[in-house]
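Remarks on the structure that follows.
Coordinate-derived values only; no laboratory data. Note that this is a predicted model, so its numbers are computed, not measured. So basically every Cβ, Gly included, is an ideal-geometry build from the backbone, and we count neighbours across all protein chains shown.
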Amino acid sequence: MLLPGMNCYMSALRASPFDDMLLDDGNNTWSPLLKSGKYPRKKDWLMTFYEQYTMWDGTPVYPPVENNFAQMFWKHDQWDDQLEKAMAFDLIGAHRLKPVHDRSVGGETLAFVIAQNDLSAMEVRAGFAKYGSNMYFSAEGMPLMIVTTDGREVLRGDKDWQYWKFVWRSTLVSSITLVDHLHLAHFHSANTLARAIRKSLHHDHPIRRFLSIFTFGSIWVNNIAMHTLLGPKHVLHRSLPFQEFEGLSDAVPSGFPDLWDWHKDILDDEAFEALPAKIKETPYYADGRLLVQALKRLLDDVSGIYAPDECENGRIKDLDIVRFRLALVEEAVEGGYTSTHSQLGGLNCSDQNNNMILQSVLANLWTVTGWHRHVGTVGDYYADPDLAAFGWKEGELGPRPKQTMLMSVVAAFTSTPQPKLIEDYTHVFKGMQHEDKMVAAWKKFRGELYEIQKEIRTRNAKRTIKNAHMDPAMVECSVAV
Ligand SMILES: [Fe+2]
């Protein structure tokens, strides 16, 4: 009864009237809500909806504060430029940083950019502002210039500076939520992996058992996401400003490069070493590399345990593995993704083919663990309507109350606690082929994760902006949330 019941309930929600009320100055404005003076800021009004509820384990429904941005950066009713530096270098934007060459403004060198103006081509519903804007940073990471969605150059201190910073912050967090989190982690990676494993490997196959740790809860949560986040007229559609919402689900996957190429800067040793020092030092890269290397060693260990059973005289003798390789191709093609899976022409056990499979699995395991936590931690941003929004009226420095409520609901229900990577999953290997070796491999992996945890906690003790998103006690083992 559960799934049909839920599907029915979700359909009923989608049938409710779809009215943005964006231009309704009588019912969708802040002044009546704040005029009593009871709530010093919009954030204080918003949080009253969540403070009264806890989950079964007593933890708050809305994710707890990690960095109190308002305390650090809200000065004289506007945001200090250190906020954008923190978002770009210390937190969620680091993977989008690109170096800039030979460009300066007002005598200062532009060293880095996070460019988003390709999104400005997306049409929006009546009254909403467009997504986009490119922000340029100094060598020290301070924002110096924004190129707006209509191509104007706005410099630090210009009268529109605060508005365009808001546009840039909102576009950054929202597009990461939509593209990097929802489409890439949940559907491109977790969905492909979960389906390929279950379609091709017998229930007691050791590789299926092992990989099930990393696909735990993925099918369940993606079923909910298909309604709430991909489904027309549901909460994400109503939160985002885009006119053609359904078309996004076709357009976004076709624009993805191969998963390995997407993550090459953090997965590939040479590509990482070629990055500018300032980018390599960001917590995303510096801490993330520790996790990537531990995952790679785990995969090498597992491969070493099972490769002799899978291959004989350079050919695959395990037919489940043949089916698995084919299923990875099929699932990628069916999802409309570009993938090196489709280059796995030979189903032999050549080093080249084996390395390609290991690369592909590593890219997936990274996407559903460290990457998912990096792009999926957005509670601090969406708790504060002055900081960022999914959708806002063009020219207004913040979303209206209805749009604020919609985005906070999305932030809250995508933050429920789930099993962490550092936990003991050796029970999964019980009774399977080479159980002892797999238990030893997982114990070794956990030992490394504890060392990584210790290192990240030492680093965070010295950081002004805390970032524990690569701490294996915070990273989930799958995209179950
Ligand atoms: Fe997620």
Select from M72, P241, G106 the residue farthest towards the positive end of the dipole of the chain; place +1 on Cβ of Lys and Arg, -1 on Cβ of Asp and Glu, and compute about the Cα centre.
M72
Taking the range 33-129, how much of its Cα-Cα pair set, in percent, is spaced more than 16 angstrom apart?
76
Could you bin all the Cα-Cα distances of the range 256-328 into 5 Å bins starting at 0 and give me the percent of pairs in each, rounded to whole numbers?
3, 13, 16, 17, 15, 13, 11, 7, 4, 0
Pick out, in residue order, every one of the trypsin sites (Lys or Arg not before Pro) in the range 367-463 that is DSSP loop and has at most 14 other C-beta atoms within 10 Å; say none if there are none.
K430, R463
List the Cys residues of the chain that have no partner Cys with a C-beta closer than 4.7 Å.
C8, C477
Low-density loop positions, trypsin sites (Lys or Arg not before Pro), the range 87-179 - DSSP coil, at most 12 other Cβ in 10 Å
R103, R152, K159
Alpha-carbon Rg with Dmax, taken over the range 323-481, Å:
20.6, 62
When we measure straight from the Cα of K462, which lysines land under 22 angstrom away, once same-chain ones fewer than 8 places off are left out?
K85, K278, K280, K454
For the range 393-481, report the translational diffusion coefficient in µm²/s to the nearest whole number, using Stokes-Einstein at 4 °C, 1.567 mPa s, and a Kirkwood Rh over Cα pairs.
79
Taking Rh as the Kirkwood radius computed over C-alpha pairs, what is the Stokes-Einstein D of the range 173-462 at 20 °C in a medium of viscosity 1.002 mPa s, expressed in µm² per second?
104
Over 14 Å apart: what share of the alpha carbon pairs of the range 1-70 falls there, rounded to a whole percent?
77
Can you sort H434, H374, H427 so the residue with the fewest Cβ neighbours within 10 Å comes first?
H427, H434, H374
Excluding same-chain residues fewer than 8 positions from K233, which lysines have a Cα within less than 27 Å of its Cα?
K42, K43, K130, K393, K402
Give the separation of the Cα centroids, the range 453-481 to the range 69-130, in Å.
24
Once you place label points 7 Å from the Cα toward the Cβ at D261 and E423, how far apart are they in nm?
3.7
Residue by residue, what Karplus-based ³J(HN,Hα) values in Hz, rounded to whole numbers, does the range 406-419 have, using 6.51, -1.76 and 1.60 with θ = phi - 60° and x for Gly and Pro?
4, 6, 5, 5, 4, 5, 6, 7, 9, 10, 6, x, 9, x
How would you rank H205, H188, going from fewest to most other Cβ atoms within 10 Å of each one's own Cβ?
H205, H188
Within straight cross-link reach of K317, meaning Cα distance under 26 Å, which lysines are found once same-chain residues fewer than 8 apart are removed?
K199, K296, K430, K437
